[in-house]
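Peer 1: Below are the structure tokens for one structure; questions will follow.
The values are calculated or read from the model by the stated rules, or taken from the named source; none is laboratory data. Computed from a prediction, not measured in an experiment: that's the story for all the values here. Positions of Cβ are backbone-derived with ideal geometry, glycine not excepted, and every protein chain shown enters the neighbour counts.
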Amino acid sequence: MTSTHTYSYTQTHTATHLTDVILGTITEILADLGVNMDRLYRDWVQTENAIKAWIEEGSLAAVVLECHQPSGGVVAVIEFPVSYTSSGEGDTEFTASRARLSRFRAKLDQVPAGTTYKLLCTHNRTPSDQPGWGAGHRSNTVGLQGITFGTLGSAPHASTGMRYYY
């Protein structure tokens with residue numbers, strides 16, 4: 001019984017930590033790019049709850065932030081892939097130093113005024129239903145250059161990284 005409780009407790013904390021890392025980084029990136037975040041703030045609790053639930057159940061493959069020019073074309077795609085381990089070993093940490101992440105964000109290309117964003121999630125198996133979330137379509141990244149940031153955050157049972165396509 002203790003084992004099950006410890007596992008559930010750890011999974012919940014891991015999901016909460018990684019959700020905070022992902023959504024915090026998305027907020028910083030959108031602010032750096034000057035993209036309006038009113039919708040992100042309005043839907044924050046719903047978005048946070050969905051991502052947290054999907055990490056906890058192990059169905060989330062990645063959170064994807066797409067930035068679209070006013071003409072509709074994709075100007076940037078940033079992926080936050082989630083990896084899972086069965087061991088549950090590992091420390092909760094914000095792996096990337098704040099300074100390293102700041103240097104990375106400084107390299108992001110500027111986007112045109114009026115750029116909007118779309119937040120999507122991909123899954124490695126059927127996810128639980130979450131309010132406000134449904135099927136979506138990712139933009140094609142063929143022809144875009146990519147940079148991998150590496151591990152962004154880690155905790156027992158899971159970790160997340162970051163990839164930037166431009």
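Peer 1: Surrounded by 12 or more Cβ atoms within 10 Å (Cβ to Cβ), out of contact with any helix residue (DSSP H, G or I) (no Cβ under 9 Å at 6 or more places or on another chain) and within 20 Å of residue 52 (Cβ to Cβ), is that true of residue 141?
Peer 2: Working: surrounded by 12 or more Cβ atoms within 10 Å (Cβ to Cβ): yes; out of contact with any helix residue (DSSP H, G or I) (no Cβ under 9 Å at 6 or more places or on another chain): yes; within 20 Å of residue 52 (Cβ to Cβ): no.
No: the conditions fail for residue 141.
Peer 1: Can you tell me which residues in the range 21-65 are farther than 19 Å from residue 160 by Cα and among the polar types (S, T, N, Q)? Quick ask: steps written out before the conclusion?
Peer 2: The first filter runs over the range 21-65 and keeps only residues farther than 19 Å from residue 160 by Cα, leaving 31-46.
Once the filter is applied, which keeps residues that are farther than 19 Å from residue 160 by Cα and among the polar types (S, T, N, Q), the range 21-65 yields 36, 46.
Peer 1: While we're looking at this one, here's another question. What about residue 62, is it touching a residue at least 60 places away in the same chain (Cβ under 8 Å) and out of contact with any His (no Cβ under 8 Å at 6 or more places or on another chain)?
Peer 2: Details: touching a residue at least 60 places away in the same chain (Cβ under 8 Å): yes; out of contact with any His (no Cβ under 8 Å at 6 or more places or on another chain): yes.
When the stated conditions are applied, residue 62 passes them.
Peer 1: Further, regarding this structure: Testing residue 52 on (1) within 17 Å of the chain's Cα centre (by Cα); (2) basic (Lys, Arg); (3) modelled with pLDDT under 95, one condition comes back false. Which one is that?
Peer 2: Going through (1) within 17 Å of the chain's Cα centre (by Cα); (2) basic (Lys, Arg); (3) modelled with pLDDT under 95 one by one, residue 52 breaks only (3).
Peer 1: Let me ask you something else. Just wondering, is there one or more residues in the range 8-18 that are of a type in the set (Phe, Trp, Tyr) and modelled with pLDDT of 95 or more?
Peer 2: no
Peer 1: Next question. Residue 16 - would you say it is in a helix (DSSP H, G or I) and touching a Leu at 6+ places or on another chain (Cβ under 7 Å)? Outline the logic, then answer.
Peer 2: Values: in a helix (DSSP H, G or I): yes; touching a Leu at 6+ places or on another chain (Cβ under 7 Å): no.
For residue 16, the condition - in a helix (DSSP H, G or I) and touching a Leu at 6+ places or on another chain (Cβ under 7 Å) - is not met.
Peer 1: Please go through (1) free of Cβ contacts under 8 Å to residues at least 40 places away in the same chain; (2) touching a Leu at 6+ places or on another chain (Cβ under 9 Å); (3) surrounded by 14 or more Cβ atoms within 10 Å (Cβ to Cβ) for residue 44 and return the number of the only condition it doesn't satisfy.
Peer 2: (3)
Peer 1: Separate question: Checking the condition within 18 Å of residue 70 (Cα to Cα) and modelled with pLDDT under 95, which residue from 114, 146, 136, 150 passes? Talk me through it step by step, then tell me what you get.
Peer 2: Values: 146 fails: within 18 Å of residue 70 (Cα to Cα); 136 fails: within 18 Å of residue 70 (Cα to Cα); 150 fails: within 18 Å of residue 70 (Cα to Cα).
Every option except 114 fails the conditions.
Peer 1: What pairs can you find where one residue is in the range 134-148 and part of a strand (DSSP E or B), the other is of a type outside the set (S, T, N, Q) and surrounded by 12 or more Cβ atoms within 10 Å (Cβ to Cβ), and their Cβ atoms are less than 6 Å apart, with a gap of 6+ or different chains?
Peer 2: 146/163; 146/165; 147/164; 148/163
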